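Worksheet: the structure to be examined is printed underneath.
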Amino acid sequence: MIGSPPKAIDVAGLVVYRGDSLAVDGVDLEIEPGIITSIVGPSGCGKTSLLRAIAGFERPAAGSIAIDGESVVGPDRWVPPERRRVGMVFQEGALFPHLSVAENVRYGIRGGPESRVAEVLGLVGLAELGHRMPHELSGGQQQRVAVARALAPSPRVILLDEPFVNLDATLRERVREDVRQILDRAGITTVLVTHDQEEALSVARRVAVMDAGRILQVDAPEDIYLRPESARVAEFIGDGQLVPCTVEGGTFVSAFGTGSCEGTDGDGRLFLRPEDLEQLSEGRDGGVPATIVGRRFYGHDVLDRVRLDSGEEIEVRCLSSTVLPVESVVRIALRRRLYRVFS
Amino acid sequence: MSAPPISVGSARALVWPLRDRPRFSPLLAGVALATAATANAPLAYIVIRALGAGPERLWASIGTPLTVGLLARTLALVGGVVALAVAIALPLAWVVVRTDLPARRAWAVLGALPLVFPSYVAALALVATLGPRGYVSLWIEAWTPIRIGGLVYGYTGALLALALFTYPYIFLLLVAALRDLDPAYEESSRSLGAGRWRTFFGVVLPQLRPALYGGSLLVALYTVSDFGAVSILRFNTFTLAIYNAYRALFDRSVAAALSLVLIVLAVGLIAGEGLLARRLPPHRLRASRMPSRARLGAWKWPVILFLGALAVVNLVLPLGVLVFWGARAVELGHPLGSVWQPAVGSLGVALVAALVTVGLSIPIVIWAVRHPSRLSRAVERISRAGFALPGIVIALALVFFVTRYLLPLYQTLALLIVAYVIRFLPEALAATQAAVASVSRRFEEAARSLGQSQLGTLRTMTLPLVRPGLLAGAGLVFLTTMKELPATLVLRPTGFETLATRIWSSAAEGIYSQAALPGLVLVAVALPPTYLLVIRPALEDRDGTTSRGGDR
């Protein structure tokens, strides 16, 4: 590692038990400085345990963690949470209910300059609300105060544990965008843990997909979505289904059509998302005949379930302005250039 | 609404629920009003008696050095007991909820179990071990020149007997509060750079205030109304002075005036707690997962030593005294049957009191919960007057009242039951209210729309659904009636004895062998309801499962 700049967070060989069960199973993870990284996975995958180990609330059974190049967990090394300079934002903000907004923010900078309280409250756009009590704020405001409180002592990293999960759907998107901009502007290394893949992809510059205690893939959001490295990642991120195919010399053959692919020769599983297929309009050649057997209407687009003559079914995403009635016979075709085939 | 236009079956069924929905059965309303009036009769009578004599007479009875001394002693006792009880309960609750102490649940149960000992048994145990002829005193005096025998009488003894056996009220509330406190608060604090101590005092303790205030109020009220411990340990507080004034002088105005001061003191405590609690911010976060437990490390053995010593003092010691003297009693040839009569007396009155009290609480609660109005809620609120009325005050008020207006009731079991109802109606109301509030009124509306009358709905739908809650309430009233001393002592018919009066009179005379067997029976009867109705619910989550972490 000599010569390369230290990672903001460097996790190596981390093992964490929750009670008797293995929550984190030998994770290696490097977090890039100055950007938002999300850790996404199904509930119980160990993502929260990983985050809490970084914050210092879980004692790993093995492995090491370094923050800004300083070891905080390792063999014979344990830095308690209050000396890690790691800011944490919880699900419901966890603002201290007996302290005002300003007192909450001041809690972490005891003895520091009073101007810092106003500064971070201004950063989250709540400069006027310092005298309020937490229960007098809306859910979104509470979450912004929680971010301000975490930022106040100038931590090395900010950790967010499912911070938007308790906000209702319409509010969630707005608060999420607010918080993303605040953290971007602060230019602070941020790790966001979420089970919501849309949140993970839209907020972060890098995404780590986790399952069963292991990190499956770390990449930019578009790479995670378009170029999943394993069938597990493909299935977890976005809709889609795996269909059988055979590969020979970079070309696959499946019931839904043929095309170019990455993958080894032989039998494989082709990963198809609904938007990888299209219903051909009248007058276009090619495609496979199929019957529309079901429909989910979303407004801007439509998910049609179609059945081939051979009995196989798949979902196809279409624009709502072009759909044919259910039970129509259509022809479907693959529309991407390059596909992923998993062995 | 006017009568339904058509009286054909189906059309009627559509019309009538609307027609009589807002009305509450006048019969039940009458019962509720009568109960509320009875519950406030002693209070009203004391106030009228004390004020009726005129301000000069009132001031002459209470503005004396005697009253000032009583007030000072009572307040000193309340302050000391609450402080010592908090000092025991707070660390105890913390170690059993938030540390990796082995066998936490067992320690928690042991920590709460002293609740089974009424104060007069606690006092008896104290005198029998640390008193002038107590075993521990004799042993110490045989080996050292230290003389401790006199210490248990007066303030020190009363303080120990009350604090060591009432702290569980605070402890159980703290356990629930600590368990329900979201660990995210502590973790936020740690992440913000605060160490363990600053986190505890800056974030945890402030959020335990509701439990601390509520528990302290219970302990304070227990202390001001206690008669058993202070009388055996000869520490002259209001209750003892009132009793003595009544016994020695039969002087109504002095007893009434002192009672009034005692009521004002109790109401003041309740109001003070209310003021403190009102300034607290409302709570929203509820623990979604188990807190991480602090490692005791090298502290493990000192903590276990502290817990063990506590259990020896407030469990092993009193039980040992009872067993030892019980065995002596058998050895000395006390007839075992002598405990039979007070046991039957206790069980009988406690059972009747439990059924009557819970039964009377039902109309009050249903009226207030299902037909809320200013009147129904006011009836429910004033029915809780007994919360602020010490047993001795209720008893004296009833004696004064019936000897003047209802002489045939004097020295009857019925009057004793009335006193129990007044004293323990608040407990029954709380239990019934929790039970009724947990039943959705949709069930009742469904029953009404299926053709049941209001009383029919109560009988076929509401009561079966609330029965477990009512039984719990009855169990609580049974338990507290079994242990009740001062009202029983004053109101019992001549010759009628309960376990409590037998223990007290034997202990007050220093005849421990006569107190031991009734004491053992009382503790044995009190143990199951104390565990099932008080300790276990408090140690479990609100949804009834023992605390376990959610999955993550």
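Worth pointing out:
- Taking packing as the residue-averaged number of other Cβ atoms within 10 angstrom, the listed peptides B:203-216, B:496-509 run from highest to lowest as B:496-509, B:203-216.
- Per-residue HN-Hα couplings for the stretch B:193-203 [Karplus 6.51, -1.76, 1.60; θ = phi - 60°; Hz; x = Gly/Pro]: x, 8, x, 4, 5, 5, 4, 5, 7, x, 10
- Residues B:SER231, A:SER310 arranged by fewest to most Cβ contacts within 10 Å: A:SER310, B:SER231
- Taking B:ARG49, A:ARG116 and counting other C-beta atoms within 10 Å, the order from fewest to most: A:ARG116, B:ARG49
- A Förster radius of 56 Å combined with the Cβ-Cβ distance from B:ARG279 to A:GLU313 puts the calculated FRET efficiency at roughly 0.35.
- In nm, spacing of pseudo-spin labels at B:ARG196 and B:SER438 (7 Å Cα→C-beta vector): 3.7
- Normalising the Debye intensity of the stretch B:174-223 to I(0), with uniform scatterers on Cα atoms only, and taking log10 at q = 0.17, 0.23, 0.24, 0.28 Å⁻¹ returns -0.55, -0.80, -0.84, -1.00.
- Separation of the B:SER449 and A:ARG335 label points, Cα + 7 Å toward Cβ, nm: 4.9
- Cα-based Rg and Dmax for the stretch B:212-350, where Dmax is the largest Cα-Cα distance (Å): 22.8, 62
- Whole-Hz ³J(HN,Hα) from phi, Karplus 6.51 cos²θ - 1.76 cosθ + 1.60, for the stretch B:400-410, glycine and proline x: 4, 5, 6, 5, 8, 10, 9, 3, x, 7, 4
- The three principal axes of the C-alpha atoms in chain B carry coordinate ranges of 96, 69, 52 Å, sorted with the longest axis first.
- Neighbouring Cβ atoms from other chains, within 10 Å of the Cβ of residues in A:46-54, number 1 on average.
- Dimensionless Rg ratio for the stretch B:447-515, taking C-alpha atoms and the 2.2 N^0.38 Å reference: 1.90
- Convex hull volume per residue, computed on the Cα atoms of the stretch A:239-342, equals 94 Å³.
- Restricting the calculation to Cα atoms, the stretch A:9-235 yields a radius of gyration followed by a Dmax of 17.3, 53 Å.
- Calculated mean residue ellipticity at 222 nm for chain A: -6500 deg cm²/dmol, from DSSP H runs with n ≥ 4 weighted as -39500 (n - 2.57), summed, divided by the residue count and rounded to 500.
- For the stretch B:17-135, a/c is not less than 1.5, where a ≥ b ≥ c are the root eigenvalues of the C-alpha gyration tensor, and a/b does not top b/c. That puts it in the oblate class.
- Computed about its Cα centre, the charge dipole of chain A is approximately 920 debye, with only Lys, Arg, Asp and Glu carrying charge at their Cβ.
- Cβ-based exposure ranking for B:ASP182, A:ASP267, A:ASP276, in which fewest neighbours within 10 Å come first: A:ASP267, A:ASP276, B:ASP182
- Taking every DSSP beta bridge that has both ends in chain A, the antiparallel portion is near 75%.
- Helix-derived mean residue ellipticity, 222 nm - over chain B, DSSP H n ≥ 4, -39500 (n - 2.57), to 500: -22500 deg cm²/dmol
- Quotient of the Cα radius of gyration of the stretch B:383-436 and 2.2 N^0.38 Å, N being its number of residues: 1.27.
- Basic side chains Lys and Arg get +1 at the Cβ, acidic Asp and Glu get -1 at the Cβ, and with that the dipole of the stretch A:239-342 about its Cα centre reaches some 240 debye.
- Looking at the stretch B:285-430, the pairs of alpha carbons with a distance over 28 Å make up 55% of the total.
- Fraction of antiparallel bridges per DSSP, the protein assembly as shown only, in percent to nearest 5: 75
- Model label zone, A:GLU136; criterion: amide N under 17 Å from point 7 Å along Cα-to-beta-carbon; scope the stretch B:248-280: B:278-280
- Rounded to the nearest 20 debye, the dipole size of chain B about its Cα centre is 1280 debye, using +1 on the Cβ of Lys and Arg and -1 on the Cβ of Asp and Glu.
- Computed lengthening from B:VAL68 to B:TRP143, 0.36 nm per intervening residue step minus Cα-Cα distance: 22.8 nm
- Size descriptors for the stretch B:385-472 (Cα atoms only): Rg and Dmax, in that order, 18.3, 52 Å.
- Taking 0.36 nm per residue of separation and subtracting the Cα-Cα distance, full extension of the segment from A:GLN181 to A:GLU198 would add 4.4 nm.
- At R0 = 56 Å, FRET efficiency that the Cβ-Cβ distance of B:ARG377 and A:ARG227 yields, to 0.05: 0.25
- Pairwise Cα separations in the stretch A:93-167 fall into 5 Å bins from 0 onward with the following percentages, short to long: 3, 18, 31, 26, 17, 5, 1.
- As a ratio to 2.2 N^0.38 Å, the alpha-carbon radius of gyration computed for the protein assembly as shown takes the value 1.23.
- Here the simple spin-label model places points 7 Å from the Cα toward Cβ, and for A:SER154 and B:VAL264 these points are separated by 6.0 nm.
- Average beta carbon contacts from partner chains per residue of B:414-422, 10 Å cutoff: 0
- Segment B:LEU51-B:ALA87, length gained on full extension (0.36 nm per residue, minus Cα span): 9.0 nm
- Between A:VAL193, A:VAL253, A:VAL288, the Cα set farthest toward the positive side of the dipole of the stretch A:167-306 (charges on each charged residue's Cβ, about the Cα centre) is that of A:VAL193.
Where a number appears in this text, it was derived from the coordinates with a stated rule and is not lab data. A quick note: this is a predicted structure, and the numbers were derived from the prediction, not measured. Heads up, the Cβs are rebuilt from the backbone with ideal geometry, glycines too, and the neighbour counts pull from every protein chain shown.
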